[in-house]
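Quick notes on the structure that follows.
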Amino acid sequence: MSPRSTFVWVSCVLTSLAVPHAIAAAAEPATAMETGIVLDRLSHEELRQWRSIERLATTADPNGTPLYPTLRGLWEWAAESGHAIYIELSSPECAATAIAGKFVIERVDPQGARHVGVIRLCLANIDRPHVGGGGTRADGFVRFAGLREKDRYAEVLGHELAHAAYDFASPERARMVMERVESVSAQFVSHRAEHGNAPLDPALQQRLEERDALLVELEAHADAMELLVWRELVRRR
């Protein structure tokens with residue numbers, strides 16, 4: 001499949017996931033809050049780093065064909081979705097763990113017009129030779145194989161954008177992810193802080209099992225999109 005055909009295919013898939021929000025948006029005042037990719041949480045230096053990632057993600061050949069069509073399609077979905085997706089390039093979680101990135105839902109709009117989420121890219125962690133989520137997967141894919149610094153950032157961005165597009169596909173899914181992933185994880189952390197390694201309450205244990213089952217589904221989708229992004233990046237090296 002050519003880069004332009006891939007870009008069109010990804011755009012069609014993301015359009016099919018999107019929930020119409022024109023009616024809800026029309027009811028908002030002219031001073032509606034920001035939507036798209038929101039950079040308010042970045043420092044001056046982080047904004048400079050982000051712009052370099054942005055240039056890579058949106059680059060095109062002289063004919064205007066995206067060089068990385070899957071990543072470009074995800075990027076354009078985020079920019080035009082009507083939702084607010086904040087970018088963070090540092091956080092206490094990044095410093096305390098080995099994760100490469102994370103997508104978190106901060107607010108679910110019952111009407112599906114403007115959900116709020118944040119993509120955290122842990123650049124310092126991504127720079128390490130062995131970062132969380134690496135290694136050879138069942139399909140033979142090796143995360144970051146053959147990629148340079150900015151390419152690695154772009155690969156993780158593609159993974160997290162895929163989470164955002166999938167999670168925000170409908171108000172029902174967004175609500176389910178927030179309730180079964182974000183809320184349950186917070187309950188687990190609170191339980192451990194209060195009770196240490198004491199046995200979990202059976203109800204919390206059940207919720208954790210349901211969370212983990214949902215996470216398998218969510219990660220499978222994001223991993224599949226990340227693989228496409230990686231193939232396009234490595235092809236250009």
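What follows draws every value from the coordinates through simple rules; no lab data is involved. All values derive from a computational prediction rather than experimental measurement. With ideal geometry, Cβ positions are generated from the backbone for all residues, glycine too; neighbour counts draw on all protein chains shown.
Tabulated data for the structure shown
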quantity: Alpha carbon centroid spacing (whole Å) that separates the range 28-81 from the range 147-175; calculated: 13 Å
quantity: Shape call, the range 82-219: gyration tensor on alpha carbons, a/c limit 1.5; calculated: oblate
quantity: Nearest-0.05 FRET efficiency for His195 and Arg236, computed from C-beta distance (R0 41 Å); calculated: 0.20
quantity: Gain in span if fully extended, Gln206 to Ser170, counting 0.36 nm per residue against the direct Cα distance; calculated: 10.5 nm
